[in-house]
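**Q** Here it is, the structure, as structure tokens.
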Amino acid sequence: MDRTGLSDPRRVARLLLLLLLTAMAGAARAQDPPQQPFLRVEAAAHTAPVARLATDAVGRVLASVSDDKTLRLWDLPEGTLRAVLRPPIAPEAEGELYAVALTPDGRRAFVAGYTGAAWDRSFAIYLFDTATGRMLARLPGLPAPVQHLAVSADGTRLAAALGGRAGIRVWNASNGTALWEDTGFTGPARMVAFEPQGARLAASGADGRLRIYDSNGRKLAERVPLANARPFGLAWSPDGGLLAVGFEDRLRVEVLAAADLRAVFSPDVTGLAGEGLPAVAWAMDGRGGVQLHAAGYARRAVSPATARGVVAPAGARGVVVPGGAAESARRDFVIRRWGDYGLGAFTDIPAARDAIAHLLPLPGGGLAFAAADPGWGMLAPDGHLAIAPRPPGADFRATGAAIAVSPDGTRLRLALRPGAAPLVFDALAGSLGPAETSGFVTARTESARLAVSDWQNANRPRLGRTPLALGAGEFARSLALREGDTGLLLGTDNHLRLFDAQGRPQASLQVPGAVWGLTLAGDIAVGALGDGTLRWWRIGAGEITELAALFIHAESRRWVLWTPEGLFDHAPNGGQELVGLHLNGGRAQTPEWASFRQAYRALYAPAAVRGRIAGDGAPARARLAQLGAIRERVGRLPQLAAQDACAVVGEDCMPVAWNARDLPAGATALRLRFGTTDRGLGLGPLDVLVNDRIAARAETRGAAQGGVLEAEVPLDPGANRIATRLYAEDRTLFTEGPALDLRRAGEAAPPAAGRLVVLAIGINRYANPALNLNFAVADADSVAQALRSRAGGLFRDVEVTVLRDAQATRRGILAALEAVARTTQPNDTFVLYLGGHGLRTEPDQRFLFLPQDTTDTSNWAALRRQGIEDSALVAAIARIRARDGLLLLDTCHAGQLTLDQLSALGNETGRFLLAASTSVQEALDSYNDRNGVFAHAVLEALGGSAATDAEGRVSALALGEWVTRRVPQLAAEKRHSQDAVFRSASRDLRSFPLALVPR
């Protein structure tokens, strides 16, 4: 069997060992799941091998489960993520999911795997409501992990295949009553499959036997289909007359008569290489025919010319091959498809980069498949690859050994995928970019003094003649020798292990994935893990301490960097949604989940994160002291429940179901109604976002314990992604509520050119002369004029409003924002420039802009009464319908305003945000006697210094990249220190043009 981790053959051994350990601890008192927060990657896709799939009777929803401890629901045929359901989890294997089954109506999901053993000392199956995501019940007391689940076609029975020698069990699917079991297996049960339209149940086992039962558990047939082989996958033919069997240790498929399990035929497997074909399925081709499919560890071994059948070439019709042949070549694992029930010619379809664990026929034809890439994919009825697995993170199995680190441990050189260009991540600068060629060191793995052998993908590493102690079933994956040959670090499947120069264990630390690469810089170690993360550790005397972790989204290059306590930094184009806190409740309760995006104001602390990596833990300790018991607060977030929804069409409002996919023709807005529940943190505002930008804000003042909230949101042309957020009263945390993903019938027409709407505000002369500035008005005028003059033919019209000094009172600013909201349309582009004083309020640390009529600065109550707090800005921006928007905040301060507060505005509005903050003294100076540093950098970018496309257009993204790079340079020329922050909360980073530079 393959020992590289591609197919993970160690799972069975590991589960049997853990089962033995739990049995030995059987006398221990059961307890609740651990209550500490678990930081988990959430990349809107699986981050570990996908084990099983399930669908409802009509094929509208697909369920997938994974070693990443999540159950995900997807809309078919689009493949868009609908929901993420989470069981209780614990360290190591607890919570890994190996099996899932849906009821025929798709309303309930049964899910299991290595579930419940950490607290029950036995295993359990969980039952979830797919509409609400809540756990409804569980079936406890199972003696072994669940390997597979199946629900009968009529929805009345649930069957489970169990590991060890526990056999199979069948329950009443409605009430959980046990119906019957077969404990006569001498090896782990592998799969269970109900007859498509009948009462029979088939089961396979690693003991080499197949079994068929009637509805009462009476054994109808039993047979060893192939001597000394392990049958795994099972598939009934659509008419129930045949049973296809795939083997985990043989490149072979047997088709048997379902009545007595006699052999009928074995389809041709010529030209395949690999260890086995454990996944089989019959699927309809959409033309009345039925095709047989098989997959697993199979790869193509011969050219098409020497095999009977066809190999689908790269770029063949319907084969989705991003990047062409090179990309297809990396999909080495194929699905073999035989025509005419398996008797006809075959086609090999390159489908996955890693082993394929499951094939699932879809009711409308074609099939879905689960892969260890990780991910899932789909074959259309005609056999072409309609959806390919799309792993969200890095794949370090082939690139981890090459990671390198700077001498101070703060910069990493890495490659996200095999063949990909190397990148450099600078933790202190918060940047990810093209790799440099020098200044990095890789791990030392050879030394005359420390001769380590048998450590690469092996379970018996040695230092000289001394064995290096590992756990049972644990494989070594990476090695790094310490400076001066004083010891060594060994990365394994689930631990980082420190040994001294004599091979004696010094320390170990559990890790969430195989450590595929290691490197050292002094006492700082960095590892590349199988969950797609990179992690920093400090190696001390007899201990290993984690410092930080980094996850990079491979396609968008969004990243998030976080400490074990949950403080984080993220990329300019987002990343705060990629990690969150998982909080267990009771053993039968739905865990709580809050992404970093939901706790942005509490946990966003880039200075603390960077300090932690650089060796200064003081900022992190100070920030944590301010936070208090964040775990208890996240566990008491308010709840938001969907009630009614309707689409505004003319004078009518047509009802829309919360699981609907299509908008009624002519719909211009949605009216939404929610129920709210306060769980102890009070109720703040409700925000509704359309396509990732805020579109409505409803206040909950007066609803002390909860009640009903209503909101109306305008819709965009084309697709509309609706998300909802309900804040706690202090507005530092929010819960994510019901969502809609709606499309309009037909192809969306390209949006017509809209207007550029600019509102620029600059204040030099305050009512309180002590606040006066020198260049805020000039900066506002210059930026507004540059936007107008560079608009070219990009916009249908340009509307610029500038508020100067006495015009920029609190009432004047809010009135100007309201006027923009009344006239702005979805195809317009909106730019807001604010130049003046900005403060960080205490103790709640909110952003406060001081309008011109500010007079009393003696206390915070007076400042809040006169100023415009960030919540008022968010509410005003929520009413502006422009699809594209940019916030330019050029503020100065007399206190401790940091870019953290400004970044939060981008997170909450979904708008591009470009901001800078400087001291009052520096603001009174200018860069060139005309404009301040920030405005000067903006003018440079709009004038052509920023990157442009082939037509000379400067995008919001290019503007942000130029200004954030240029502001520190310009400030340094004036002997000042100033930074700028650029944030895009849009997950797809869809930029938009702002200026046209003559070519």
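The values are calculated or read from the model by the stated rules, or taken from the named source; none is laboratory data. Fair warning: this is a prediction, and the values are worked out from it, not measured in the lab. Every residue, glycine as well, gets a Cβ built from its backbone with ideal geometry; the counts of neighbours run over all protein chains shown.
**Q** Within the set of pairs 6+ apart or on separate chains, which have a first residue in the stretch 669-692 that is of a type in the set (Gly, Ala, Ser), a second that is part of a strand (DSSP E or B), and C-beta atoms under 7 Å apart?
**A** From residues that are of a type in the set (Gly, Ala, Ser), the pairs are Ala669/Val648; Ala669/Glu712; Ala669/Val713; Ala669/Pro714; Gly675/Ala641; Gly675/Gln643; Gly675/Val708; Gly684/Tyr727.
**Q** Does any residue in the stretch 478-499 that is assigned by TED's automatic domain parsing to the domain that holds Glu543 come within less than 9 Å, Cβ to Cβ, of a residue that is among the aromatic types (Phe, Trp, Tyr) and part of a strand (DSSP E or B) six or more places away or on a different chain, and which pairs are these?
**A** Ser478/Trp516; Gly487/Phe499; Leu488/Phe499; Leu489/Phe499; Leu489/Trp537; Leu490/Phe499; Gly491/Trp516; Leu496/Trp537
**Q** Something else about it: Taking the condition of being within 41 Å of the chain's Cα centre (by Cα) and assigned to a loop (DSSP other than H, G, I, E, B), how many residues in the stretch 223-235 meet it?
**A** Final tally of qualifying residues: 2.
**Q** Within the stretch 546-563, track down each residue that is touching a helix residue (DSSP H, G or I) at 6+ places or on another chain (Cβ under 9 Å) and either outside any strand (DSSP E or B) or farther than 24 Å from Gln510 by Cβ (or both).
**A** Of everything in the stretch 546-563, just one residue is touching a helix residue (DSSP H, G or I) at 6+ places or on another chain (Cβ under 9 Å) and either outside any strand (DSSP E or B) or farther than 24 Å from Gln510 by Cβ (or both), namely Thr563.
**Q** Write out, first by first residue and then by second, each pair whose Cβ atoms fall under 7 Å of each other, whose residues are 6+ apart or on separate chains, and whose first residue, in the stretch 322-349, is surrounded by 13 or more Cβ atoms within 10 Å (Cβ to Cβ) and acidic (Asp, Glu) while the second is at pLDDT 95 or above and part of a strand (DSSP E or B).
**A** Asp348/Val334; Asp348/Arg336
**Q** Of Leu839, Leu850, Leu832, which residue is within 17 Å of Ser903 (Cα to Cα) and either modelled with pLDDT of 90 or more or among the basic types (Lys, Arg) (or both)?
**A** Leu832
**Q** Among the residues of the stretch 414-423, is there at least one that is modelled with pLDDT of 95 or more, in a strand (DSSP E or B), under 30 Å from Thr80 (Cβ atoms) and assigned by TED's automatic domain parsing to the domain that holds Glu275?
**A** No: the stretch 414-423 contains no residue that is modelled with pLDDT of 95 or more, in a strand (DSSP E or B), under 30 Å from Thr80 (Cβ atoms) and assigned by TED's automatic domain parsing to the domain that holds Glu275.
**Q** Oh, and also: Are any residues in the stretch 858-890 out of contact with any helix residue (DSSP H, G or I) (no Cβ under 6 Å at 6 or more places or on another chain) and assigned to a loop (DSSP other than H, G, I, E, B), and if so, which ones?
**A** Correct list: Ser858, Asn859, Gly867, Arg881, Ala882, Arg883.
**Q** Next up: Can you tell me how many residues in the stretch 46-71 are within 15 Å of the chain's Cα centre (by Cα) and either surrounded by fewer than 23 Cβ atoms within 10 Å (Cβ to Cβ) or closer than 20 Å to Glu546 by Cβ (or both)?
**A** Residues in the stretch 46-71 being within 15 Å of the chain's Cα centre (by Cα) and either surrounded by fewer than 23 Cβ atoms within 10 Å (Cβ to Cβ) or closer than 20 Å to Glu546 by Cβ (or both): 4 in total.
**Q** Mind listing whichever residues of the stretch 408-422 are in contact with a strand residue (DSSP E or B) (Cβ under 9 Å, 6 or more places away or on another chain) and within 25 Å of Arg477 (Cβ to Cβ)?
**A** Gly409, Thr410, Arg411, Leu412, Arg413, Leu414, Ala415, Leu416, Ala421, Pro422
**Q** So, one more: Against the definition (outside any loop (DSSP other than H, G, I, E, B), surrounded by fewer than 24 Cβ atoms within 10 Å (Cβ to Cβ) and of a type in the set (Lys, Arg)), how does Arg601 come out, yes or no?
**A** Yes: the conditions hold for Arg601.
**Q** Restricting to the stretch 451-478, and then to whatever is in contact with a Leu (Cβ under 6 Å, 6 or more places away or on another chain) and not in a loop (DSSP other than H, G, I, E, B), can you tell me which residue is nearest to Thr519 (Cα to Cα)?
**A** Ser478
**Q** Do we have any residue at all in the stretch 770-780 that's at pLDDT 90 or above, surrounded by fewer than 19 Cβ atoms within 10 Å (Cβ to Cβ), out of contact with any helix residue (DSSP H, G or I) (no Cβ under 8 Å at 6 or more places or on another chain) and in the same structural domain as Ala915 (by TED's automatic domain parsing)?
**A** Yes; the residues of the stretch 770-780 include at least one that is at pLDDT 90 or above, surrounded by fewer than 19 Cβ atoms within 10 Å (Cβ to Cβ), out of contact with any helix residue (DSSP H, G or I) (no Cβ under 8 Å at 6 or more places or on another chain) and in the same structural domain as Ala915 (by TED's automatic domain parsing).
**Q** I've got another one for you. Would you call Val253 in contact with an Asp or Glu (Cβ under 9 Å, 6 or more places away or on another chain), crowded, with 21+ Cβ neighbours inside 10 Å, within 18 Å of Ala298 (Cα to Cα) and not assigned by TED's automatic domain parsing to the domain that holds His358?
**A** no
**Q** Tell me whether the stretch 50-58 contains one or more residues that are at positive phi and not small (Gly, Ala, Ser).
**A** no
**Q** Only residues in the stretch 528-553 that are farther than 17 Å from Ala415 by Cβ count as the first member; pair them with residues that are of a type in the set (Phe, Trp, Tyr), Cβ under 7 angstrom, at least 6 apart or cross-chain, and list the lot.
**A** Short answer, once both residue conditions are applied: Ile544/Trp537; Thr545/Trp537; Glu546/Trp537; Leu547/Trp536; Leu547/Trp537; Ala548/Trp536; Ala548/Trp562; Ala549/Trp562.
**Q** Do we find a residue being over 32 Å from the mean Cα position of the chain (by Cα) and more than 27 Å from Thr533 (Cβ to Cβ) anywhere in the stretch 487-501?
**A** yes
**Q** Please work out which residue is surrounded by the most Cβ atoms within 10 Å (Cβ to Cβ), limiting yourself to the stretch 368-408 and to residues that are more than 25 Å from the chain's Cα centre (by Cα) and in a loop (DSSP other than H, G, I, E, B).
**A** Looking at the filtered set, the residue picked out is Gly383.
Residues checked against (1) basic (Lys, Arg); (2) in contact with a strand residue (DSSP E or B) (Cβ under 8 Å, 6 or more places away or on another chain):
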{"residue": "Val424", "(1), (2)": "no, yes"}
{"residue": "Leu432", "(1), (2)": "no, yes"}
{"residue": "Glu436", "(1), (2)": "no, yes"}
{"residue": "Arg444", "(1), (2)": "yes, yes"}
{"residue": "Ala448", "(1), (2)": "no, no"}
{"residue": "Pro461", "(1), (2)": "no, yes"}
{"residue": "Leu468", "(1), (2)": "no, yes"}
{"residue": "Gly471", "(1), (2)": "no, yes"}
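**Q** Now for a separate question. Could you please find all residues in the stretch 956-976 being out of contact with any helix residue (DSSP H, G or I) (no Cβ under 6 Å at 6 or more places or on another chain) and either in the same structural domain as His570 (by TED's automatic domain parsing) or surrounded by fewer than 20 Cβ atoms within 10 Å (Cβ to Cβ) (or both)?
**A** Once the filter is applied, which keeps residues that are out of contact with any helix residue (DSSP H, G or I) (no Cβ under 6 Å at 6 or more places or on another chain) and either in the same structural domain as His570 (by TED's automatic domain parsing) or surrounded by fewer than 20 Cβ atoms within 10 Å (Cβ to Cβ) (or both), the stretch 956-976 yields Glu961, Arg965, Pro968, Gln969, Ala972, Glu973, Lys974, Arg975.
**Q** Just the residues that are closer than 21 Å to Ala57 by Cβ, modelled with pLDDT of 95 or more and either of a type in the set (Asp, Glu) or surrounded by fewer than 20 Cβ atoms within 10 Å (Cβ to Cβ) (or both), please, taken from the stretch 128-153.
**A** Answer for the stretch 128-153, where residues must be closer than 21 Å to Ala57 by Cβ, modelled with pLDDT of 95 or more and either of a type in the set (Asp, Glu) or surrounded by fewer than 20 Cβ atoms within 10 Å (Cβ to Cβ) (or both): Asp129, Leu136, Ala153.
**Q** Under 7 Å between Cβ atoms, at least 6 apart or on separate chains: pull out the pairs that start in the stretch 452-464 with a residue that is in the same structural domain as Ala480 (by TED's automatic domain parsing) and end on any residue that is part of a loop (DSSP other than H, G, I, E, B) and of a type in the set (Asp, Glu).
**A** Final answer for the pair search is Asn459/Glu474; Arg460/Asp454; Pro461/Asp454; Arg462/Asp454.
**Q** Look through Arg636, Arg621, Arg679 and report the one residue that is of a type outside the set (S, T, N, Q), under 26 Å from the mean Cα position of the chain (by Cα) and not in a strand (DSSP E or B).
**A** Arg636
**Q** Another question about this same structure. Quick check on the stretch 427-434. Is at least one of its residues part of a loop (DSSP other than H, G, I, E, B), modelled with pLDDT of 95 or more and surrounded by 20 or more Cβ atoms within 10 Å (Cβ to Cβ)?
**A** For the stretch 427-434, residues part of a loop (DSSP other than H, G, I, E, B), modelled with pLDDT of 95 or more and surrounded by 20 or more Cβ atoms within 10 Å (Cβ to Cβ): present.
**Q** Additional query: Do the conditions hold for Leu412, that is, is it farther than 27 Å from Phe982 by Cβ and surrounded by 20 or more Cβ atoms within 10 Å (Cβ to Cβ)?
**A** no
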